[in-house]
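Novice: Dropping the structure in here first, questions after.
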Amino acid sequence: MIGFFKSLAVTLQSMLRKPVTVQYPGEHLPMSPRYLGFPGLLWDDAVDEPACTGCLVCARYCPTDCITVSMKDNPLHKEGKSKRRKIVDDFQIRMERCILCGICVEVCNFEAIAMTDYHEEADISRGDLIATKEDLFRMGRDYQKRAGIVVGAGSGSEGEE
Amino acid sequence: MVAEADLQTVDMLLNMGPQHPSTHGVFRIVLTIDGERIVDAEPHIGYLHRGTEKLCERENYRQIITLFDRLDYVANFNNELVFVMAAEKLMGLEVPERAQFIRVILAELNRISSHMLFYGAFGTDIGVLATPFMYGFRERERIQQLFEAVTGARMMHSYFRVGGVADDLPDGFTAHTRALLDELKRGVQECDRLLTYNEIFLERTVNVGAITGEEAIDFGVSGPVLRASGVPMDVRVAEPYLVYDRFDYEIPLGKNGDCWDRFWVRIEEMRQSIAIVEQALAMMPEGPFQAPVAKFGFVRPPRGDTYARAENPRGDFGVYLVSQGENTPYRVKIRGPSFCNLMALKRMTVGHYIADAVVILGSLDIVLGEVDR
Amino acid sequence: MTWADVGWLVLSVGLFLGFISFVVLFLTYAERKFIGRIQQRLGPMRTGPFGLLQPVADAIKLLSKEDLVPGRADRFLFWIAPLIVFVPAIVIWVSIPFTRDIVIENLELGIFFVLAVMGLSIAGILMAGWSSFNKYAMLGAVRAAAQLISYELPLLVAVLGVVMIAGSLDLQVIVAEQNTVWYIVLQPVAFLLFFTAGLAEVGRTPFDIPMAESELIGGPFVEYSGMHWSMFFMAEYANTFAIAVLTTLLFLGGWRGPAPATGWGQDVMMAFWFLTKASAVILVIFWIRATIPRLRIDQLMSLAWKVLLPLAFANLVMTAFYLFYGWPDWSIVLLSLGLLMATVYGYYVRRRSRLPRPVTVKLRVRQGRIVG
Ligand code: SF4
Ligand code: SF4
């Protein structure tokens, strides 16, 4: 019987404590700076063009094959404004297949992609779960602004092609 | 009047799962029952088969880490650890000490969070209305927040790398962990007091699903289930890996090998894990967190094969790795402790009641991701 | 009987039905909130302020859900079973007094009527389990039948002790007789038996074996959905409330409590005390539900037949001696406590002898080596 009453005492005690619930859509848990949300594409503000050259490295190393990239000649390079000879033409990530592993970020030579903290991208149809280039830039540029990432400041962007 | 012997009764087949609230995922067990008593039990597995071993043959060493995260999806660090250890063994790689300590801390914390899930699920199986479940998840949440601060992900970390870890620990990690450990101590104590010596709990678990040490060894059972039967076998001691040979702790052993012993062993292991993490925090040196290997962890281990094993929350987790010197392994064979522990299920359940089958399955603490692979 | 009488009857029945439905709805909310707090959660918070409209939302959801009948079910029995469970749960309220004056029809055999009608619901549960054409439902129904029949006996015999002291089966008289001392003092054994057996009667934890969420996935009700399911649900909560109310009436002095001697204030205070006591009992039921694991069917049966029933009879004999020889009150209190102590001691002795004591060892590891 002793254990029985001990159990009752435990539940009574925890009832008197403050609930630990965080009422989600209204409140959010603090996110760690390292949080791995959906990948987003970064923007080179110095030249005002995407940092991505469409080199396909991320697409090749993505374990779930969820990235589609194509490249084109960079018009700004011809004008001499940009170091990037090629630039991304189209870029898609299938959000329903992305496992948020961060490999694409690790392998990118141009610091062009980053794990943003976006995580509420649920949708009701499969088609809407394909993040287009615009979606990726929206997430990436917003994250870039908040996290203070400047493309080209680091070591990555030297390795052109 | 008809004599009881003349009454014609037939055994009934009762199909439990794959959609049953207490089969812990998509496990199916076909019970032959005589009234409430179980005469036969036949487990069916494979509903969650994802072909991990085959997938490993075409992914490179960095990508495979993400697959191992998803094997035993409540002990992610421990799984990653065994795979990277196998690759390191093959390459003869010396892992920096700091990385080893980081790995120990994270693996032990993950053991606690996994046992907390066991605690919750077991409490629900035994019929408490979700209270242990909520307590277990309350503690898990704290641990997961720490994991998020370290790796960026709450469950699928992909943080360990061949030769070390992905990144150094974040600022304030030690303080955060110390605070966490204090809370965990309190939480474990509370969970312990809620169930362990409750009379009804004792009635339900003591002498249920008992299995002797010899039988357990014959079935290839490992981990807490084996230790509950009184066999002092723990890979951390038997074949020390990482820096486990530097800590002082205790290995809880049961005697009867019944559900209560398995429960108690896990509760006690949580306390011991806390002790290990405390010591590891105090002893952790500064230094590099990653040995110099190929870029991005795209290693090419030399031709050969090796076997690495570690003590996972569920038991002895092993990886047999064959390399042909390519950037992908030639073959990866996984020894999942849940799968092997499941072998003893029939021996444990036959002769007990339906309600006991649920409790016994809960006490084995299987994770279907690892059973079906 | 004049038309006015009929009209009054209809009105009061309607009022009571409304009250019971309200209580049932509120109980579902209260239970979720209370258990939520026990688990350090908030419970329902989204519908209305503090989630107060949650029961309404649940009711709407259940009403608008499709009422499925399994293909090979016995349609008639399947359809009627919830009614057979639901009707007794409501009918008992006819003769349960809420205060000295608020009662639809006080019967002289009140407690007898209530317990007799409550027992009827077994038939409905058995029908539900049988007609569902589902093995889980069948197992649950058989469990339910066994459980309810076994627990009826200690329940009744426990009540007998109270009835003997009060000298009446009339619930109003029983409450009136408790003017000096509540029967929980004179009959602690009967109180515990009644409460335990009552929990089993309504299938609350630790006796929710027929429903056994983690084993039988809801037992007899597994195939039900929509309105039919909600009838079982309402019956369960109405019965829980009934057990709480009966405990209050039989053992906790009913509506007794400090109140003005006359006037309408008296009635209000009476109702207040009555509901307060009943709510306290209900909270204890919820508290137990969130704390205690479920028993197993064989343990449940042996508890009923080997512990509760002998205890109930011992209590009955004890009470008879007390009444016949006119012993002082304290003697029966002491005797009862002695009986309870003996039972607990007997439990520990039995556990020692029958079950292996959980033995645990810890091996010490120093620097990675086992040192004993
Ligand atoms: S690796 Fe980087 S630069 Fe290349 S396509 Fe991917 S994001 Fe663009
Ligand atoms: S995070 Fe991983 S899965 Fe997602 S796109 Fe990048 S590489 Fe692919």
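Novice: Do you know which of the residues in segment B:226-260 that are of a type in the set (A, V, I, L, M, F, W, C) and in a loop (DSSP other than H, G, I, E, B) is surrounded by the most Cβ atoms within 10 Å (Cβ to Cβ)?
Specialist: B:Phe247
Novice: Can you name every residue in segment C:95-125 that is free of Cβ contacts under 8 Å to residues at least 40 places away in the same chain and in a helix (DSSP H, G or I)?
Specialist: C:Phe113, C:Ala116, C:Val117, C:Ile122, C:Ala123
Novice: Could you tell me which residue of segment B:19-44 is nearest to the other protein chains (Cβ to nearest Cβ), considering only residues that are part of a strand (DSSP E or B) and of a type in the set (A, V, I, L, M, F, W, C)?
Specialist: So the residue we want is B:Ile33.
Per-residue answers, yes or no, for (1) assigned to a helix (DSSP H, G or I); (2) more than 11 Å from every other protein chain (Cβ to nearest Cβ); (3) more than 23 Å from B:Val237 (Cβ to Cβ):
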site	(1), (2), (3)
B:Asp72	no, yes, no
B:Val104	yes, yes, no
B:Phe133	yes, no, yes
B:Gln145	yes, no, yes
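Novice: Of all residues being in contact with a helix residue (DSSP H, G or I) (Cβ under 8 Å, 6 or more places away or on another chain) and either modelled with pLDDT of 90 or more or near ligand 2 (Cβ under 6 Å from one of its atoms) (or both) in segment A:91-109, which is nearest to A:Ala131 (Cα to Cα)? Just the residue, please.
Specialist: A:Ile93
Novice: Which numbered condition trips up A:Met1, out of (1) away from chain B (no Cβ under 14 Å); (2) closer than 30 Å to C:Arg41 by Cα?
Specialist: Of everything listed in (1) away from chain B (no Cβ under 14 Å); (2) closer than 30 Å to C:Arg41 by Cα, A:Met1 misses just condition (1).
Novice: Show the residue pairs that are 6+ apart or on different chains and have beta-carbon atoms under 8 Å apart, the first residue being within segment A:54-78 and within 17 Å of A:Leu136 (Cβ to Cβ), the second being among the acidic types (Asp, Glu) and within 10 Å of ligand 2 (Cβ to nearest atom).
Specialist: Cβ pairs passing all conditions: A:Ala59/A:Asp65.
Novice: Now, a different point. Would you call A:Gly80 within 7 Å of ligand 2 (Cβ to nearest atom) and out of contact with any Phe, Trp or Tyr (no Cβ under 6 Å at 6 or more places or on another chain)?
Specialist: For A:Gly80, the condition - within 7 Å of ligand 2 (Cβ to nearest atom) and out of contact with any Phe, Trp or Tyr (no Cβ under 6 Å at 6 or more places or on another chain) - is not met.
Novice: Can I ask one more? Of everything in segment B:184-219, what is in contact (Cβ under 8 Å) with a residue 24 or more places away in the chain, away from every other protein chain (no Cβ under 11 Å) and not polar (S, T, N, Q)? Give them in sequence order.
Specialist: B:Leu184, B:Lys185, B:Val188, B:Gly209, B:Ile211, B:Gly213, B:Glu215, B:Ala216, B:Phe219
Novice: If you don't mind, there's one more thing I want to ask. Residues in segment C:151-175 that are touching a residue at least 60 places away in the same chain (Cβ under 8 Å) and over 12 Å from C:Pro210 (Cβ atoms): how many?
Specialist: 17
Novice: Tell me the residue from A:Gly26, A:Gly37, A:Gly3 that is of a type in the set (Gly, Ala, Ser) and within 16 Å of ligand 2 (Cβ to nearest atom), please.
Specialist: Sole residue among the options that is of a type in the set (Gly, Ala, Ser) and within 16 Å of ligand 2 (Cβ to nearest atom): A:Gly37.
Novice: Taking only segment C:42-57 into account, find how many residues are modelled with pLDDT under 85, assigned to a helix (DSSP H, G or I) and surrounded by 14 or more Cβ atoms within 10 Å (Cβ to Cβ).
Specialist: 2
Novice: May I pose another question? If A:Val151 passes every condition in (1) assigned to a loop (DSSP other than H, G, I, E, B); (2) surrounded by fewer than 20 Cβ atoms within 10 Å (Cβ to Cβ); (3) more than 16 Å from ligand 2 (Cβ to nearest atom) but one, which one does it miss?
Specialist: (2)
Novice: Every residue in segment B:229-249 that is within 7 Å of another protein chain (Cβ to nearest Cβ) and over 17 Å from B:Ala107 (Cα atoms), please.
Specialist: B:Pro232, the sole residue that qualifies.
Novice: Can you find, within segment C:226-260, the residue that is surrounded by the most Cβ atoms within 10 Å (Cβ to Cβ) among those that are part of a loop (DSSP other than H, G, I, E, B) and among the aliphatic types (A, V, I, L, M)?
Specialist: Across segment C:226-260, the extreme among qualifying residues is C:Leu252.
The values are calculated or read from the model by the stated rules, or taken from the named source; none is laboratory data. Please read these numbers as outputs of a predicted model, since none were measured by experiment. Backbone-built Cβ (ideal geometry, glycine too); neighbour counts: all protein chains shown.
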